[in-house]
1. Being part of a helix (DSSP H, G or I) and under 20 Å from residue 266 (Cα atoms) is the filter here; which residues of the stretch 194-210 pass it?
2. Quick test of your reading of the structure: residue 70 fulfils all but one of (1) over 19 Å from residue 5 (Cα atoms); (2) in contact (Cβ under 8 Å) with a residue 40 or more places away in the chain. Name the failing condition by number.
3. If I filter the stretch 114-132 for residues that are out of contact with any helix residue (DSSP H, G or I) (no Cβ under 8 Å at 6 or more places or on another chain), surrounded by 15 or more Cβ atoms within 10 Å (Cβ to Cβ) and part of a strand (DSSP E or B), do I get at least one hit?
4. Within the stretch 92-113, which residues are in contact (Cβ under 8 Å) with a residue 40 or more places away in the chain and assigned to a strand (DSSP E or B)?
5. For residue 21, are the conditions met, namely being over 16 Å from residue 126 (Cβ atoms) and crowded, with 19+ Cβ neighbours inside 10 Å?
6. For the stretch 144-173, enumerate the residues that are touching a strand residue (DSSP E or B) at 6+ places or on another chain (Cβ under 9 Å), under 23 Å from residue 235 (Cα atoms) and not in a strand (DSSP E or B).
7. Among the numbered criteria (1) buried (at least 18 other Cβ atoms within 10 Å of the Cβ); (2) farther than 23 Å from residue 6 by Cα; (3) out of contact with any strand residue (DSSP E or B) (no Cβ under 8 Å at 6 or more places or on another chain), which one does residue 107 miss?
8. Within the group 57, 89, which residue is surrounded by fewer than 21 Cβ atoms within 10 Å (Cβ to Cβ), assigned to a strand (DSSP E or B) and at pLDDT 95 or above?
């Protein structure tokens, strides 16, 4: 599933590559599968057709696209969540549409923004204000400050792995990077926040920031071939039964909150 680093990679591709999505005008909206839109499809089509893309930003795993009316300067927002297998491409309009393409914005300069999603779990929806979504989320996991993170951590009494997955705690971490963060911090997934020493809480923050920063630079992780360009080297996720790269012990997998959880019992002792 695309997590913060993969979504950040998509954002950078759309905004810093040439051509960029910024400044492009929406000529036509094509919805190839109605379920991709959360809400009224006609309302979305009417709201963004003819507008120019003014801004794109990410919070956690969500992307937000701001479209501006050239006369009124009013911004209309689309939110998008890639879910498990969603991918976004800015391509020449004449490029053939893939069988899993669900949503297309046809743009000026003969370009098209295409949302492909084999599992069809991804969603797009119309917003008046991104705060309708972001207000339900915690601070972005990549940009949260150490002071804010430690304060939020200190107000909880929860197991570490479920806490990292809670998007209202920090937004953007999913199953892959939660395992990688805890491995780098040398903390067992079942450890409880209230039992952590001050040194361990700082270690957890440093691991959160370090893993996500490294993964963003690597354009995410290539898991199941979804993000082919991703080169982040996972240490424990999906590595059960293989030797730990630090101690040589075997990586273990267990179920925690119905999620597969990978860790090294030597490097991440529970006691």
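The values are calculated or read from the model by the stated rules, or taken from the named source; none is laboratory data. Being a predicted model, the structure only gives us computed values, none of them experimental. So basically every Cβ, Gly included, is an ideal-geometry build from the backbone, and we count neighbours across all protein chains shown.
1. At the first step, the residues of the stretch 194-210 found to be part of a helix (DSSP H, G or I) are 194-195, 198-210.
Across the stretch 194-210, the qualifying residues are 195, 199, 200, 201, 203, 204, 207.
2. If we test residue 70 against (1) over 19 Å from residue 5 (Cα atoms); (2) in contact (Cβ under 8 Å) with a residue 40 or more places away in the chain, just (2) comes out false.
3. yes
4. Within the stretch 92-113, the first condition is being in contact (Cβ under 8 Å) with a residue 40 or more places away in the chain, and the residues that meet it are 97, 101-109, 111, 113.
Of everything in the stretch 92-113, those that are in contact (Cβ under 8 Å) with a residue 40 or more places away in the chain and assigned to a strand (DSSP E or B) turn out to be 101, 102, 103, 104, 105, 106, 107, 111, 113.
5. Details: over 16 Å from residue 126 (Cβ atoms): yes; crowded, with 19+ Cβ neighbours inside 10 Å: yes.
Yes.
6. Once the filter is applied, which keeps residues that are touching a strand residue (DSSP E or B) at 6+ places or on another chain (Cβ under 9 Å), under 23 Å from residue 235 (Cα atoms) and not in a strand (DSSP E or B), the stretch 144-173 yields 160, 161, 162, 165, 170, 172.
7. Condition not satisfied by residue 107: (3).
8. Details: 89 fails: at pLDDT 95 or above.
Result of the check over 57, 89: 57.
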